[in-house]
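Heads up, the thing below is written out as structure tokens.
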Amino acid sequence: MNAHHDNAPLYRRFAELLHRTMGLDAASLGHHAIERAVDQRAAAWRAQGPAEATLADYWDATQASPAMVQALIETVVVPETWFYRDADAFRALVRLAHERLDERAAGLPLRILSLPCSSGEEPYTIAMSLLDDGIDAARFRIDAMDISERSLALAQRALYGRNSFRGNAFAFRDTHFTRSEDGWRLAPRIVDTVRFSRANLMQLDAAALGVYDFVFCRNVLIYFDRETQQTALRALDSVLAENGTLFVGPAETGLLMRHGMQSAKIPLAFAFRRAAPADAPWNGRHTALLAGAAALAMTHSPAPALAPALAFAAEPFAWPDPAVRAALDQVTRSASLDGAAQFNLFNNGMTRPAGTPPVPAAAALNSAPPQKSASPLNAPSTAARDTLQAAHALADAGRLTEAAAAINAYLEQHAPHADAFYLLGVLADANGDALLARGQYRKALYLEPQHAEALTHLAALLELEGDRDGARRLMQRATRAQGAPRD
């Protein structure tokens, strides 16, 4: 304990070194994580010769050896990625890529940057998405960069284990991978579309790189402090083409808004462009109102209000488009809530659909928050899936009011569903109502405590409100809730 205390100034020096070198904010990982990484590398160094060396000796040796600094960086960097992570971003990329190709001269390929690319899942997903949608490999170029030499080596090997495949949709794996004794090997036709190289976001050479139509820089800015975030965003802006699109992680959208970027208005894609000059003053006035992660990824222009706030509050709503209502009638017919479910949800501070009377406590079978594994509230439903998909499609087309109406109509006739409340939170965010959005995300988490998207977006709200500790705890829960790897 005393030795650790005596070394505290040295640990701070190492943390400062990592901050200068790669922009890492020690608080984002936790100081103990930095200390463990330093101790691990110091032990490895001692094992190669100077067994009696102190931590101070290791510090001195590190100062004189870029290779030792790199080894420490490799120890700190822990890749956490998988194929088709936040899949809406790749669907948005495909659509935008087609539009951009239609506008440009033949023979001029799209340029796409993935930074940091980690172990390759993201840039390879970009390639699979474009090829699967009929865009020839000659019409795009993907540059994938990372500070970690180990991650780049894994990416170029293109052999992946269970941890790289999450969720339930694996058609892409059957199409583009071959099973081997060591895992799943990606087809050469995909591997050949990506060029890997080492790069440090803090030292990006924009003049050498040129500009890119699409830049993916996801889930790394959250590990930087405010000053370093500004440095990183300036670097990203310098390589973003005119009218180019920058994709970030769901918890990073508020940061983009604070720095004057404008949403591409694509739900859940977390895609941004440079704000037009006329929009800049509005950005500054309304950043706080549009702080939610999903809202910032959906809308940002100072358009007239989309609908009254109740349109996003799981209350009855007058449909503006009878044709849409008729098209969705088939997915809004099912059994109503049972007594216990009504009590659990609505007598615990949640909104009760009009016409649903309060349920006496005696009718409740269990007033504890329902668990996903056993509760009928979270049982999979074809009607739920169809309705939510339809709502998502409406939002994607910019018809946010009708998307909210679809969900509200569903909730009038069906058992509550975590995804429904989550999407209502997204839409409330888009309407600039952070308070209502926070409530909807909490409803989703009441029904499904490990709802990763609701956790992530609620964390983003807390972060922008100044509650960094609360945001960090939610992000840790979201990471654990992302889902176990699947065969």
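Could you tell me the relative contact order of the stretch 1-118? Use alpha-carbon pairs under 8 Å, at least six residues apart, and round to a whole percent.
Details: 41 pairs, mean separation 23.7, N = 118.
Rounded, it is 20 percent for the stretch 1-118.
Calculate the FRET efficiency for Ala8 and Arg480 from the Cβ-Cβ distance with a Förster distance of 22 Å, rounded to the nearest 0.05. Walk me through the numbers before you get to the answer.
Numbers: r = 30 Å, r/R0 = 1.36.
That pair, Ala8 with Arg480, gives E of 0.15.
Which of the peptides 235-241, 101-107, 405-411 is most tightly packed, and how do the rest follow, judged by the mean count of other Cβ atoms within 10 Å per residue?
Values: 235-241: 19.4, 101-107: 8.9, 405-411: 25.6.
Top to bottom by mean Cβ count within 10 Å: 405-411, 235-241, 101-107.
Only the Cβ atoms of Lys and Arg (+1) and of Asp and Glu (-1) were treated as charged; on that basis the dipole of the stretch 88-247 about its Cα centre amounts to roughly 320 debye. Inter-label distance, Arg162 to Arg468: 3.7 nm, where each label sits 7 Å from its Cα along the C-beta direction. Here the label points at Ala87 and Glu181, each 7 Å from Cα along the C-beta direction, are separated by 3.3 nm in the simple model.
Among the GluC sites (Glu not before Pro) found in the stretch 162-253, those both in a DSSP coil and sparsely packed, with 14 or fewer other Cβ atoms within 10 Å of their Cβ, are Glu181.
FYI, it's all coordinate maths here, none of it is from the lab. A quick note: this is a predicted structure, and the numbers were derived from the prediction, not measured. Please note: Cβ atoms are built from the backbone with ideal geometry, for glycine as well, and neighbour counts cover all protein chains shown.
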